[in-house]
Amino acid sequence: MNIAFFIILSSILLVLVEVLKRKSVISNDLSRRLAHIWAGAINIVAPLFVSHVAIIIVNVLFAGLLLVGRNTDYFSSIQTTHRKTYGDVYFPLGIIVAAVVLLPDNVTAFQYGVAIMGISDALAGFVGERWGRKAVSIFNNPKTLLGALVFYVSSLVITFILVPQFLPVVFILPLILTIVEFFLVFGLDNLILPIVAGLLFFNFF
């Protein structure tokens, strides 16, 4: 995978979900979560094929593109939300910082951080917003207990995949991250989670 192919892969689903959302095939919430997971998945496997410098460069490009795009409707599938947030821009910025701190030496820790942010956070947000009943307002940002539970379970599965051992820390680390995520608002979870999760993984394992 060279850097051009990395950019193409990173763009494919972004364009696809935008088309599907504009044609009302999928909801705005689903389109944002799909793009979230896809971008996370691409960056999870990226260190196996491209340099950390390429990962940083591509994410810098996307961060700039998304920031400029906030004044247009070109990326409505990932930028339309009822909450005040810069989560779309924070997403690549979080990956950039995690890559600077953890790569190229700690690939698994980087992958863990991106997976927590790209997968666990997306699943928790989607399930919590759609089916969550009991919500807690954090600076006028609703957080549901169901979403927190989904985040914990998803993070636990990811931890088990990367550390297939029944150690106490395997259960504790997802709990710490669930608490951290619960109090992050305005899209800051996309910026903070990959860094915190990656560093905690590095120190615990």
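Taking a sphere under 15 Å around the Cβ of Tyr152 and counting the other residues whose Cβ falls inside, with K and R at +1 and D and E at -1, yields a net charge of -2.
Give me the net charge for the shell around Leu184: Cβ to Cβ below 12 angstrom, other residues only, Lys and Arg +1, Asp and Glu -1.
Working: positive: Lys143; negative: Asp121, Glu181, Asp189.
Surrounding charge for Leu184 is -2.
Quick one: net charge around Leu193, please, counting Lys, Arg +1 and Asp, Glu -1 for every other residue with C-beta under 12 Å from its C-beta. Mind dumping the intermediate values first?
On the way: positive: none; negative: Asp121, Glu181, Asp189.
Computed value for this residue: -3.
Averaging sequence separations of C-alpha pairs under 8 Å and six or more residues apart, then dividing by the length of the chain, give the relative contact order as a whole percent. Could you put the intermediate results ahead of the total?
Values: 279 pairs, mean separation 50.1, N = 205.
That works out to 24 percent.
Taking Cα centre as origin and charging only the Cβ of basic (Lys, Arg, +1) and acidic (Asp, Glu, -1) residues, the dipole magnitude of the range 3-204 rounds to 580 debye. Fully extending the segment from Ile12 to Val136 would add 41.1 nm, taking 0.36 nm per residue of separation and subtracting the current Cα-Cα distance. Across all directions, the average flat footprint of the convex hull enclosing the Cα atoms of the chain is 11.0 nm². In the chain, a dipole from Cβ-located charges (positive for Lys and Arg, negative for Asp and Glu) runs towards its positive end, and of Val53, Val136, Ile96 it is Val136 whose Cα lies farthest in that direction. The separation of the range 23-64 from the range 156-183, counted between C-alpha centres, amounts to 23 Å.
Any read-out appearing in this document is the output of simple, stated calculations on the displayed coordinates, not a laboratory observation. Fair warning: this is a prediction, and the values are worked out from it, not measured in the lab. Glycine also receives a Cβ, built like all others from the backbone with ideal geometry; neighbour counts cover every protein chain displayed.
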